[in-house]
Amino acid sequence: MTETTADHRDSYPPSAEFAAAANADASLYRAAADDRDAFWAEQAERLHWHRKWDRVLDWSDAPVAKWFVGGELNVAYNCVDRHVLDGHGDQVAIHWEGEPGDSRDITYRQLLDEVSQAANYLTELGLEAGDRVAIYMPMVPEAIVSMLACARLGLTHSVVFAGFSPTALRQRVDDARARLVITTDGQWRRGKSAPLKEAVDEALYAHGDVPHSVEHVLVVRRTNVEVPWTEGRDLWWHETVAQASTEHEAQPFDAEHPLFILYTSGTTGKPKGILHTSGGYLTQTSYTHHYVFDHKPGQDVYWCTADIGWVTGHSYIVYGPLSNRATQVVYEGTPNFPDEHRHWQIVEKYGVTIYYTAPTLVRTFMKWGREIPAAHDLSSIRLLGSVGEPINPEAWRWYREVVGANTAPIVDTWWQTETGAIMISPLPGVTAAKPGAAMTPLPGISAQVVDEEGKPVQRGETEANGYLVLDQPWPSMLRGIWGDMERYKATYWERYAEQGWYFAGDGAKLDADGDLWVLGRVDDVMNVSGHRISTAEVESALVGHSGVAEAAVVGASDATTGQGIVAFVILTAEAKDTGEALIDELKAEVAREISPIAKPREIHVVPELPKTRSGKIMRRLLRDVAEGRELGDTSTLVDPNVFEAIRASRA
Ligand code: WTA
């Protein structure tokens, strides 16, 4: 067994060979330190601006930033038209790989045609800049086309992960007041078609007569399942968009025009609609994709395995790579369909050079065995990326050795839905990497690790309980929570209001060399397979079941998924404790209410929950129980004996 512990002396400096050809060099750090605004202005020059900005940053209305004030651009033009006009229309933008084995290569010229058709048809539907469009789709090309068509028209898209339930979709459609939903008939899930259009209908109609904002549902045919249909409201993509003209001229929008809303879990049950705008967001996604992945247009074949339903899909499948004229793989299915070789077959088939995934998948690959990747020629891979959760050193070393032939640099990229783009990461060819460490803020980004009072924690402090803060605004920062500015301020800016810092919600430490290690969430947000799920959301789904009086949910460490969801429930007097059957029913309830990804790993029926005298549930103690540890301090509990009963429930 490989050593699992983190060691700050275990460092991988860049090879001379990689450094010689790298996009980045150390001068970036110096330039950014000399003059941050000038540095970001230079990065913004990567894009095409219809009108140049007057001012780089206006922070006078903090914590709402304005970047590239007065500038005008079209995000889709930057991701598509520009490359065709520059003579790269025949370059493949997307090698699309369907789950059943069908595939499609889409060039930049074809992408432009399809985006133009969609833009023309959405205009015909009467949609206007500023309107919201919900996109509830699996990983099909039309999902990316839809996002780009919205961007092209100044419509604000809200992509809802296609694994989310009708209830979750409805909540998001209502919050954003979306006028249009774009979806597919069904989605492939390990060879079976799961209905999706039906889920949209359930979202819109299952609430009885509660009116919704949706005027039309646009449906892409994918799995050929039968779908419920409402004449006049529902429209087939192939009968409408695909018949529209391919001529469309992109109009410029203000740099601060809203680009998208993406819902993410917070500490309460209600998801937050994170709002991103155009110029700053595209500047930083483009900049980071270029330098952090050392991406070379026309040479690299890039593959980010995320889903467009998450921010990683937005920033590192759609906007970053396409703005940089990437040729990329987009894969529709799961890594083990039809078998565990699928990803490596795809790497071989397309000669993937840059591969970006989540630690949970690396650990799954480890479990499946190294002989699986070893059966394939992975020699095209020259850089590996990690995102979504801390990567344990053992997985890091395996990733580098087995997938990266012991030579590929690994970029461990820390960022969030809220930050919009990568913030902390090694720079390949420039800085060293350590297994498990995100290392240093990128040039132009400023972060600190501080204590409760805001005092910087010392380097090498092993017991450090540090919090990660961002002490300077950055171009792709969120501009607020949709419809709730107060919550925006309270969530991110209140904790260090005096200093004016952004509180990320993550614990962190600095090692003896001053390199940064992110340790995981310090709030009530769990991280399961890189997905953010709030304890409150799962608790509210559980108490939604008539048999549950009270529920407490914690994230317990899990060897594969990072954290697993463990729930403790008290039943109502009327409820019948039917043992396993009831537990299964409760798990199914959570899957139905939120998504299968939120399904608890364990549910324990307990007579009581541990509470402080003020009535707060002691999650810390429940986590101890869930992880099988000795109990921490129980002195503030009303009744320390409740643990005897809770432990008994786990036996
Ligand atoms: C965690 C995903 C450690 C962190 C892009 C953060 C990480 C949350 C890393 C955001 C990393 C993400 N090392 N932890 N490299 N990357 N995280 O919004 O807890 O889905 O706050 O964005 O994931 O998750 P989100």
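The values are calculated or read from the model by the stated rules, or taken from the named source; none is laboratory data. Computed from a prediction, not measured in an experiment: that's the story for all the values here. Quick reminder, even Gly has a Cβ in these numbers, built from the backbone with ideal geometry, and neighbours come from all protein chains shown. Ligands, DNA and RNA are stripped out before the accessible areas are found, and what is left, the full protein with its side chains, is counted by its heavy atoms. Shrake-Rupley method; radii C 1.70, N 1.55, O 1.52, S 1.80 Å.
Overall, the chain carries a charge dipole of about 320 debye about its Cα centre when +1 sits on the Cβ of Lys and Arg and -1 on the Cβ of Asp and Glu, all other atoms neutral. Between the listed residues V606, S557, T578, the Cα displaced farthest toward the positive end of the dipole of segment 529-650, a dipole computed from Cβ unit charges relative to the Cα centre, is found at S557. Remark: segment 345-359, residue by residue, has Karplus-estimated 3J(HN,Hα) of 5, 5, 4, 5, 4, 9, x, 4, 9, 10, 10, 10, 9, 10, x Hz, where x stands for each Gly or Pro and the curve is 6.51 cos²θ - 1.76 cosθ + 1.60 at θ = phi - 60°. Expressed as a fraction of 2.2 N^0.38 Å, the C-alpha radius of gyration for segment 1-126 is 1.56. Take the Cα radius of gyration of segment 460-566 and divide it by 2.2 N^0.38 Å, N being the number of residues; the result is 1.29. For the peptides 404-412, 138-146, 87-95, residues were scored by their other Cβ atoms within 10 Å and the scores averaged per peptide; the highest-first order is 138-146, 404-412, 87-95. Taking amide H atoms as placed 1.01 Å from N in the peptide plane, the amide H of D506 lies under 5 Å from those of L468, V522, each 5 or more residues away in sequence or on another chain. 3J(HN,Hα) couplings calculated from phi for segment 372-384 with the Karplus curve 6.51 cos²θ - 1.76 cosθ + 1.60 (θ = phi - 60°) are, in sequence order, 5, x, 5, 7, 10, 7, 9, 5, 5, 5, 10, 8, 10 Hz; Gly and Pro show x.
Give me the net charge for the shell around D35: Cβ to Cβ below 15 angstrom, other residues only, Lys and Arg +1, Asp and Glu -1.
Counting the neighbours of D35, the net charge comes to -1.
Proximity of backbone amide H atoms, modeled 1.01 Å from N, is registered between G460 and L510, D511, A512, G514 at under 5 Å, excluding neighbours fewer than 5 places apart on the same chain.
For E550, the residues whose modelled amide H falls within less than 5 Å of its own, excluding neighbours fewer than 5 places apart on the same chain, are I570. Here the Karplus relation 6.51 cos²θ - 1.76 cosθ + 1.60, evaluated at θ = phi - 60°, turns the backbone of segment 620-632 into coupling constants of 4, 6, 5, 5, 4, 5, 4, 9, x, 8, 4, 5, x Hz, with x for every Gly and Pro.
Accessible area per residue for the chain, computed on protein heavy atoms with a 1.4 Å probe, is 38 Å². Charge dipole (Cα centre; +1 on Lys/Arg Cβ, -1 on Asp/Glu Cβ; no other charges) of segment 529-650 amounts to roughly 360 debye. As a ratio to 2.2 N^0.38 Å, the alpha-carbon radius of gyration for the chain is 0.94. With helices as the sole contributors, the chain gives -7500 deg cm²/dmol at 222 nm; each DSSP H run of n ≥ 4 counts as -39500 (n - 2.57), and the sum is divided by every residue. Segment 207-311 gives an Rg/Rh value of 1.03, both radii derived from C-alpha positions and Rh following Kirkwood. Surface composition of the chain: carbon and sulfur make up 48 percent of the accessible area, probe 1.4 Å.
Here the average projected area of the convex hull drawn through the C-alpha atoms of segment 272-320 stands at 3.8 nm². Modelled this way, with points 7 Å down the Cα-to-C-beta line, the labels at D105 and W493 are 4.9 nm from one another. Taken along its three principal axes, the alpha carbon spread of segment 37-97 comes to 45, 26, 19 Å, from the longest extent down to the shortest.
Each Lys or Arg adds one and each Asp or Glu takes one away; over the other residues whose Cβ falls under 11 Å from the Cβ of R222, this sums to -3. What net charge do the residues around Q345 carry, taking every other residue with its C-beta under 12 Å from that of Q345, with Lys and Arg at +1 and Asp and Glu at -1? Neighbourhood net charge equals -3. Placing one equal scatterer on every Cα of segment 104-228 and applying the Debye formula, the log10 ratio I(q)/I(0) at q = 0.10, 0.21, 0.22 Å⁻¹ is -0.30, -1.24, -1.33. Distance from the alpha carbon centroid of segment 1-68 to that of segment 599-632 works out to 42 angstrom. Placing a label point 7 Å from the Cα of S245 along the Cα-to-Cβ direction, the residues of segment 127-142 whose backbone N falls under 19 Å from that point are 127-129.
Based on the Cα coordinates of segment 342-447, what is the per residue volume of their convex hull in Å³?
Output value, Cα hull per residue: 104 Å³.
Label-to-label distance for R9 and A62 is 4.1 nm, based on points extended 7 Å past Cα in the beta-carbon direction. Of K197/K599; K66/K489; K270/K599; K270/K489; K272/K455, which sit over 20 Å apart, Cα to Cα? With Cα atoms farther than 20 Å apart: K197/K599; K272/K455. D37 to E580: FRET efficiency via 1/(1 + (r/R0)^6), r the Cβ-Cβ distance, R0 41 Å, to the nearest 0.05? So the FRET efficiency works out to roughly 0.10. When the alpha carbon gyration tensor of segment 529-650 is reduced to an equivalent ellipsoid, its three semi-axes come out at 22, 18, 13 angstrom, largest first. Note on segment 496-553: Kirkwood radius taken over Cα pairs, Stokes-Einstein applied at 20 °C and 1.002 mPa s, translational D equal to 151 µm² s⁻¹. A P(r) calculated from all alpha carbon pairs of segment 6-59, with 5 Å bins opening at zero, reads 4, 14, 16, 16, 14, 15, 7, 8, 4, 2 percent. Here the gap between E461 and W236, fully extended at 0.36 nm per residue and compared with their Cα-Cα distance, gives a gain of 75.0 nm.
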